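Here is the structure we will look at.
Quick note: the coordinates plus some simple rules give every number you see, no bench work behind them. Quick caveat: nothing in here was measured; it's all calculated off a predicted structure. Reconstructed Cβ throughout: ideal geometry from the backbone, glycine too, with neighbour counts over all protein chains shown.
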Amino acid sequence: MIVDQDSDSHESIARFLAEGFLRITDVLPDEHFDDLRTRIDDGEAPAGAPLERILDSRKVATLLDSLLGPDRELVRVSSHTTLPGEGGQPLHVDGVRDLRGPRFDVQLLIFPQLTTQDMGGTRIVPRSHLRLVDNSCIGRYQHLTGELRAAGPTGTIYLVHSRLWHSGLRNDATTTRRMLRVRLRGRRQAACWNVSEETLGAVPLFTRGRWEDSTSSREADYELIKLIRFLTGHSEYDHQREYGLRYG
């Protein structure tokens, strides 16, 4: 049984579903991430206890329980080191076209050091996870209105929907940039977010992305409704009843 989460957690999950990512800080003391950074520099895969402490921390575990369910598996762990003057990727989605319907994985982008804007970070496009695309067919898109740069102080973690458009950026600083990427998958994900329809009605979910036109935004809203229905088990959920016939 999944314990009800507090209102802040519900708002965080809603924001993740609506935008495709969530940033959290102050998960563990900086010293823990200093150790992760040392392991990355030594060429070690920071798995085992150091990674488990992050995944088992209250902030992270509470969110993962509602997004993936308590029974989840570690799919992949990889570290990324970008030297000054290097880096830069086209916009893409990890993996090939995902045909699992509303099911999704969660990726954690873990920054074990202070990562400033001039160090690059990761470019992300809010609400892009609601569009099904092939891996690199979006690589030609540049400077989309509303795109963000994932960066932050030591220990910053971004939880990212596995279909969110993103790219690593060029490091224009004089400091080497490091990041740990972790991909997780829920074994029994359906209806793992224990939230009432009344609570859903009180949190902001449907806001047009700055890069979307009215038609594409409406289509994204359809996909978001299906995603919410899958994750909550509320099969009749519809924030505007006019969509009911389409997804009834």
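Let me confirm something: among Leu99, Leu74, Leu114, Leu132, which residue is in contact with a strand residue (DSSP E or B) (Cβ under 7 Å, 6 or more places away or on another chain) and either farther than 30 Å from Tyr222 by Cα or of a type in the set (A, V, I, L, M) (or both)? After ruling out the rest, the residue left standing is Leu74.
Just to be sure, is His234 surrounded by 14 or more Cβ atoms within 10 Å (Cβ to Cβ), under 30 Å from Pro29 (Cα atoms) and of a type outside the set (A, V, I, L, M, F, W, C)? Spelling it out, it is not the case that His234 is surrounded by 14 or more Cβ atoms within 10 Å (Cβ to Cβ), under 30 Å from Pro29 (Cα atoms) and of a type outside the set (A, V, I, L, M, F, W, C). Would you check if there is a residue in the range 58-72 being in contact with an Asp or Glu (Cβ under 9 Å, 6 or more places away or on another chain), buried (at least 21 other Cβ atoms within 10 Å of the Cβ), more than 20 Å from Phe33 (Cα to Cα) and aliphatic (A, V, I, L, M)? Checking the range 58-72: at least one residue is in contact with an Asp or Glu (Cβ under 9 Å, 6 or more places away or on another chain), buried (at least 21 other Cβ atoms within 10 Å of the Cβ), more than 20 Å from Phe33 (Cα to Cα) and aliphatic (A, V, I, L, M). Tell me the residue from Arg163, Arg181, Arg127 that is in contact with a strand residue (DSSP E or B) (Cβ under 7 Å, 6 or more places away or on another chain) and among the basic types (Lys, Arg), please. Only one candidate qualifies: Arg181.
Does Ser57 qualify as being closer than 19 Å to Arg177 by Cβ and among the small types (Gly, Ala, Ser)?
no
Residues in the range 82-115 that are among the β-branched types (Val, Ile, Thr) and surrounded by 15 or more Cβ atoms within 10 Å (Cβ to Cβ) were compared, and the one that is nearest to Leu63 (Cα to Cα) is Val106.
Of all residues in the range 192-230, those satisfying the criterion of being small (Gly, Ala, Ser) and more than 19 Å from the chain's Cα centre (by Cα) are Ser196, Gly201, Ala202, Ser214, Ser216, Ser217.
Return yes when Leu184 is assigned to a strand (DSSP E or B), surrounded by 16 or more Cβ atoms within 10 Å (Cβ to Cβ) and out of contact with any Gly (no Cβ under 9 Å at 6 or more places or on another chain) and no when it is not. So Leu184 passes the test.
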